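Novice: Next up is a structure, given as structure tokens.
The values are calculated or read from the model by the stated rules, or taken from the named source; none is laboratory data. What you see is a predicted model; the values in this text were computed from it and never measured. Please note: Cβ atoms are built from the backbone with ideal geometry, for glycine as well, and neighbour counts cover all protein chains shown.
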């Protein structure tokens with residue numbers, strides 16, 4: 001766990017530059033909108049498809065265009081922040097995301113909405129890695145732990161609350177906007193954050209950052225597109241030949257990227273990703289744990305939503321209310337996470353994984369008993385445990401991955417971390433879709449069977465997370481047992 005007592009002060013940090021009470025909310029505003037839009041669009045799809053006359057392919061692009069642009073731009077954006085300034089890139093990303101949200105909200109047809117969603121994804125990619133880097137260079141000691149805890153709470157509230165907020169907005173139908181309000185809600189939030197960012201966030205950049213590695217940027221982007229695109233589109237498309245061709249092509253692209261980074265570093269150049277990052281066990285093992293954790297979380301959110309809405313016939317709003325039970329468990333363990341971490345060290349993360357596994361197992365036993373007919377509130381104990389486990393893992397795991405990273409590599413490391421989150425999300429949704437629909441099929445009454453099958457896989461994934469955490473160094477840089 002991060003050492004909250006011995007973090008050294010940052011060079012050149014003046015008392016006048018210390019963050020104020022509004023600094024953290026402004027930094028995290030971008031993260032909230034980015035994550036919210038990843039989940040809220042699922043609720044809005046039926047209404048927008050009906051109003052715009054969108055085809056099935058266009059609907060898929062509305063979802064996949066955002067996720068693909070987001071996942072594939074993060075590493076490059078992190079490096080750009082190191083070179084040109086994290087606050088500057090945060091403002092650029094926030095401006096693009098807010099403007100694209102406005103276009104989404106007033107889109108006259110499906111093609112415009114698709115393009116606006118891709119622009120949203122690019123804006124999300126530009127701002128997201130800057131958030132983690134700014135948190136790391138702005139806060140130290142106990143304040144740093146509180147900042148990363150707040151980051152985790154924002155991720156959870158936007159993820160868990162996405163369906164609830166979307167359902168409430170569509171049901172309220174304010175000013176007759178319907179599904180459009182799911183995008184337009186970002187405009188006032190983004191505008192306020194844009195106004196306050198220059199006043200509240202101090203600019204930072206890496207010393208001796210060098211120039212942008214254009215060949216490396218192209219190679220890693222092509223490699224990530226070849227990985228993420230088939231994961232996002234594969235199940236819906238029935239895994240055609242092009243999806244497998246993309247996955248195969250990813251190997252030479254990413255292999256060439258790694259070789260290029262090593263050669264550039266050996267020549268004293270400025271690689272997009274310094275190979276030295278991956279010599280730190282806390283970073284490499286932590287990234288594997290991040291992929292496992294986020295693939296499990298994304299998978300669980302998907303199959304639970306399908307079970308509640310397809311199997312039990314709940315509305316998006318009622319389904320979202322059920323998700324808030326998890327949010328309560330997440331909030332409790334996040335609040336007390338610092339104390340637990342000080343007592344258990346890295347094993348606090350393992351305990352979180354165990355709680356997730358127990359919650360999944362309890363949910364399996366409950367759903368097996370009640371099917372799609374019993375009282376939905378019987379799921380509450382299992383959901384509380386699951387949320388509590390996620391609260392113990394999310395923010396501390398992110399902080400552990402970035403602990404001890406030199407300031408000159410902070411942006412690149414944050415870009416890799418956020419990329420692995422998105423790869424984990426895409427991989428998890430692809431795998432759980434195969435498992436769920438393999439059992440549930442198209443028959444709503446079989447949703448309980450689909451969830452049961454998914455929960456067996458998710459329990460195993462949670463246990464794999466526990467094992468991965470044991471591979472973290474007992475006393476990694478910036479950590480203490």
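Novice: Go through (1) surrounded by fewer than 22 Cβ atoms within 10 Å (Cβ to Cβ); (2) in a helix (DSSP H, G or I); (3) touching a residue at least 12 places away in the same chain (Cβ under 8 Å) and name the single condition residue 355 misses.
Specialist: (1)
Novice: When you look at residue 383, is it at pLDDT 85 or above, under 21 Å from residue 74 (Cα atoms) and buried (at least 19 other Cβ atoms within 10 Å of the Cβ), yes or no?
Specialist: Here the answer is no, as residue 383 does not meet what is asked.
So that you can scan it fast, the table gives a plain yes or no per residue for (1) closer than 30 Å to residue 299 by Cα; (2) assigned to a helix (DSSP H, G or I):
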site: 169; (1), (2): yes, yes
site: 183; (1), (2): yes, yes
site: 192; (1), (2): no, yes
site: 199; (1), (2): no, yes
site: 202; (1), (2): no, no
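Novice: Got at least one residue in the range 234-241 being under 22 Å from residue 122 (Cβ atoms), in contact (Cβ under 8 Å) with a residue 60 or more places away in the chain, crowded, with 17+ Cβ neighbours inside 10 Å and in the same structural domain as residue 255 (by TED's automatic domain parsing)?
Specialist: Among the residues of the range 234-241, not one is under 22 Å from residue 122 (Cβ atoms), in contact (Cβ under 8 Å) with a residue 60 or more places away in the chain, crowded, with 17+ Cβ neighbours inside 10 Å and in the same structural domain as residue 255 (by TED's automatic domain parsing), which makes the answer no.
Novice: Between 402, 363, 378, which is surrounded by 18 or more Cβ atoms within 10 Å (Cβ to Cβ), assigned by TED's automatic domain parsing to the domain that holds residue 456 and over 20 Å from the mean Cα position of the chain (by Cα)?
Specialist: 363
Novice: Looking only at the range 311-352, how many residues end up being under 19 Å from residue 148 (Cα atoms) and not in a helix (DSSP H, G or I)?
Specialist: Total satisfying the criteria: 2.
Novice: Separate question: Quick check on residue 221: is it within 30 Å of residue 103 (Cα to Cα), assigned to a helix (DSSP H, G or I) and outside the structural domain of residue 74 (by TED's automatic domain parsing)?
Specialist: Spelling it out, residue 221 is indeed within 30 Å of residue 103 (Cα to Cα), assigned to a helix (DSSP H, G or I) and outside the structural domain of residue 74 (by TED's automatic domain parsing).
Novice: Going by the conditions given, is residue 378 free of Cβ contacts under 8 Å to residues at least 40 places away in the same chain and within 24 Å of residue 163 (Cα to Cα)?
Specialist: Yes: the conditions hold for residue 378.
Novice: I'd like the residue in the range 204-217 that is assigned to a helix (DSSP H, G or I) and in contact with a helix residue (DSSP H, G or I) (Cβ under 9 Å, 6 or more places away or on another chain) and, out of all such residues, is surrounded by the fewest Cβ atoms within 10 Å (Cβ to Cβ).
Specialist: It comes out as 215.
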